[in-house]
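Before any comments, here is the structure.
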Amino acid sequence: MRELDIGEVVRRSGVPASTLRYYEQLGLLQVLGRRGLRRQYHEQVLERLALIGLGQSAGLSLQQIGAAMPQGAGLALDCSALLAQADALQRQIRGLQRVQDRLRRAAACPHADDARRCASFRRLLRAQQRVAHG
């Protein structure tokens, strides 16, 4: 088992030391110990950090990521949580595509100089009001 000190983890992962310490507080990372004042990590911490980054880019909270990752050095995946997040992302993508289409129609409206006269823009505003109150 190879140990990495916090400076090496920061250099190789690009994750700031303050973030590593925060992840420790949340239980996402475990410190093997200290050598002097420097925290020591198992070399697999780099894979855990990559998994945390992947989870965040998929829209998972740190709490969700922590619940899906086992303690220790292993990397297991909660497949049902991943599928649920993929479904949520797909719904979000469809919603964003609808907004994109509406924005394009509103931009192409001949009444763009007065948005209140543009039917496409008024529909876009009504849709946003439904989302905000919904």
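For segment 85-92, the condition of being touching a helix residue (DSSP H, G or I) at 6+ places or on another chain (Cβ under 7 Å), modelled with pLDDT of 80 or more and outside any loop (DSSP other than H, G, I, E, B) holds for none of the residues.
The residues of segment 40-61 that are touching an Asp or Glu at 6+ places or on another chain (Cβ under 8 Å) and buried (at least 20 other Cβ atoms within 10 Å of the Cβ) amount to a single one, TYR41. Count, please, the residues in segment 1-39 that happen to be at positive phi and surrounded by 15 or more Cβ atoms within 10 Å (Cβ to Cβ). Selection size over segment 1-39: 0. Among the helices (runs of 4 or more DSSP H) confined to segment 1-65, the ones with at least 3 residues that are under 17 Å from the mean Cα position of the chain (by Cα) are located at 17-26, 45-57. On the stretch given as segment 103-117, residues that are assigned to a loop (DSSP other than H, G, I, E, B) and in contact with a helix residue (DSSP H, G or I) (Cβ under 6 Å, 6 or more places away or on another chain) total 2. Each residue in segment 102-117 was checked for being surrounded by 13 or more Cβ atoms within 10 Å (Cβ to Cβ) and under 31 Å from the mean Cα position of the chain (by Cα), and 4 of them qualify.
The values are calculated or read from the model by the stated rules, or taken from the named source; none is laboratory data. Since the model is a prediction, treat every value here as computed from it, not as a measurement. We place every Cβ from the backbone using ideal geometry, glycine too, and count neighbours over all the protein chains shown.
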